[in-house]
1. Among (1) under 18 Å from the mean Cα position of the chain (by Cα); (2) assigned to a loop (DSSP other than H, G, I, E, B), which single condition is Asn79 missing?
2. Go through the stretch 154-164 residue by residue and tally those that are within 16 Å of the ligand (Cβ to nearest atom) and either outside the structural domain of Val178 (by TED's automatic domain parsing) or of a type outside the set (Val, Ile, Thr) (or both).
3. Six or more apart or on different chains, Cβ under 9 Å: which pairs go from a residue in the stretch 122-149 that's more than 16 Å from the ligand (Cβ to nearest atom) to one that's of a type in the set (Lys, Arg) and in a strand (DSSP E or B)? Could you list them?
4. Does the stretch 173-182 contain any residue that is more than 16 Å from the ligand (Cβ to nearest atom), surrounded by fewer than 23 Cβ atoms within 10 Å (Cβ to Cβ), assigned to a loop (DSSP other than H, G, I, E, B) and among the aromatic types (Phe, Trp, Tyr)?
5. Please state which one of Val395, Val340 is within 16 Å of the ligand (Cβ to nearest atom), touching a residue at least 12 places away in the same chain (Cβ under 8 Å) and more than 15 Å from the chain's Cα centre (by Cα).
6. Please determine whether any residue of the stretch 344-358 is more than 16 Å from the ligand (Cβ to nearest atom), of a type in the set (D, E, K, R), part of a strand (DSSP E or B) and farther than 28 Å from Glu296 by Cβ.
7. Quick one: is Asn338 of a type in the set (S, T, N, Q) and either part of a loop (DSSP other than H, G, I, E, B) or farther than 27 Å from Ala89 by Cα (or both)?
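The values are calculated or read from the model by the stated rules, or taken from the named source; none is laboratory data. Remember, predicted model here, so these are calculated numbers, not experimental data. Using ideal geometry, Cβ is built from the backbone for each residue, glycine included, and neighbour counts are taken over all protein chains shown. The accessibility values were calculated without ligands, DNA or RNA, using every heavy atom of the protein model including side chains. Shrake-Rupley method; radii C 1.70, N 1.55, O 1.52, S 1.80 Å.
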Amino acid sequence: MTKIAIKKHAKLLLCTIGLLTLFNCKESSVSDKKAYTEEELYRPNLHFTPKKGWTNDPNGMFYYNGYYHLFFQHYPDSNVWGPMHWGHAISTDMVRWTEKPIAIYPDEKGYIFSGSAIVDLKNTSGFGSLKNPPIVAMFTYHDPKKEKTGEPGVQSQGIAYSLDEGLTWKKYEKNPVVEFPSIKDFRDPKMTWDNIHKQWLMVLAAGNKTIFYSSKNLKDWEKLSDFGENIGAHGGVWECPDFFPMMVNGKDEYKWVLLLSINPGGPNGGSATQYFVGDFDGKTFVLDKTFAKDIENKKGIWIDYGKDNYAGVTWSNISETDGRKLFVGWMSNWEYANKVPTEKWRGSMTIPRELSLFEENGHYKVASLPIRELLNYASKTIKKDVIRIKDNKTVLFDKSLLDFSSLDIQFTLDNLKKDIYTFSISNSANNVVSFGLNKKENYFFIDRKKSGDLSFSDDFAKQISKAPFSGDFNKIDIRIIVDKTSIEVFYDNGKTVMTEIFFSDKPMEQFYVTKGNSDFKIENLTINQLNLN
Ligand code: FRU
């Protein structure tokens, strides 16, 4: 132990037994906090990160008895990807998380890759009882030995169950439960209770397609059909599917939605998540006809066009009275995930989002917005009805008013013309992250080319990220979540989303807008300072 550490420990002990004055004890905790923030320069305030080590995909999310559970791809011993475990965290509101002990460890059959978990309320698996329903998880076993030797069957699906609400897990002795040795990339099973056809459903990624399975007992799985060859974006391997029905907003109609992550081949490079909308008869998924044309025209439709939302899936066992489809993604990109400049931990989750399905003139769209629970943490709110933007640069607010490390900003833009509208957060180190609309060429954008540390990867800020839009509007609402190292922009009620991370040299300090030739209006500006302390 160093001298300073010994002094610190001695002081802590004296404080605990009440032998130092209150002032002295207080002083110690303030300076500890400062040391913590310096060490943890980039650790977000509003987003889940593991205490230490590496994380990628969110896994096995379920809700039960008042708690949202989040498991995550985790390598606790290093800040780069390695032998995968399932880490575990719980929350009563998906905003403030408590990390629990590691849930599932790798074993002689391999690493524990991504997967899902469900609450087996009727004990169909027989692992528990009706009184104490088991939580059943399905994950991919990835066998590194077979990978090395080139043997078939590198990836297969195993199950595990928990009888104490997800805290401890027992692997099923007859694992694996689903195999397909000839397919090399065969992973990421997502289970759902299909209440329409009364069956357990499972979808997984198999190379360039997804395969659907059904089961009565979560142990024996029967192949139903496959989907996706030559449909949608195929710039990389298919991963992390999710499949569920959704009511169409404002209508007495439902459609099935398939989420599907691909790496590489995202709209702005690297990894990203596309989606498909269609119908499912209990066996086969058929794309909606208009949606099929839309994805051909647009080369894929994406849940998020920013570079940093990957492998996202939804929570299971959300009650019918709640009824929301709740989603979270991994806030990074395989292009540079192993190299981002954090030390103690690496990787974080997006803000959890509520998904909804819209139909407009026969076109279906999945929208996502931050979960409503986030605003329970608003500690200060600033509102302005109308701001007329006439100058080239208008500062909307700065650090004297609000702390840029946890903000929820909402407004509507009106009077839009064929022009460029740019919003920026910046600091005195000349770091800038910009986003906005180019209404001349019809795309939304995020530009992090001057956002701070870019040195770790040439791919990080190679180009401005873009999301196309149709352009037939002159008014639009925008919502932005700003954390220390990320920005999540939700356009048009979340019908287009862009999420990106950044590593500025010091905290951001100013929020301003720059305009082209035409004046416009910002209406209903509401800024919430979020405070989780
Ligand atoms: C997606 C992914 C999954 C896999 C996991 C391994 O990011 O590649 O397909 O199960 O990560 O950590």
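1. (1)
2. Total satisfying the criteria: 5.
3. Final answer for the pair search is Phe127/Lys170.
4. No, the stretch 173-182 contains no residue that is more than 16 Å from the ligand (Cβ to nearest atom), surrounded by fewer than 23 Cβ atoms within 10 Å (Cβ to Cβ), assigned to a loop (DSSP other than H, G, I, E, B) and among the aromatic types (Phe, Trp, Tyr).
5. Values: Val395 fails: within 16 Å of the ligand (Cβ to nearest atom).
Of the residues listed, the single one that is within 16 Å of the ligand (Cβ to nearest atom), touching a residue at least 12 places away in the same chain (Cβ under 8 Å) and more than 15 Å from the chain's Cα centre (by Cα) is Val340.
6. Yes, that holds for at least one residue.
7. Working: of a type in the set (S, T, N, Q): yes; either part of a loop (DSSP other than H, G, I, E, B) or farther than 27 Å from Ala89 by Cα (or both): no.
No, not satisfied.
Residue-by-condition table, conditions (1) open to solvent by 30 Å² or more (accessible area, probe 1.4 Å); (2) more than 16 Å from the ligand (Cβ to nearest atom); (3) of a type in the set (Lys, Arg); (4) under 20 Å from Glu239 (Cβ atoms):
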position: His69; (1), (2), (3), (4): no, yes, no, no
position: Tyr75; (1), (2), (3), (4): yes, no, no, yes
position: Ile90; (1), (2), (3), (4): no, yes, no, no
position: Asp93; (1), (2), (3), (4): no, yes, no, no
position: Trp97; (1), (2), (3), (4): yes, yes, no, no
position: Glu108; (1), (2), (3), (4): yes, yes, no, no
position: Ile112; (1), (2), (3), (4): no, no, no, yes
position: Val119; (1), (2), (3), (4): no, yes, no, no
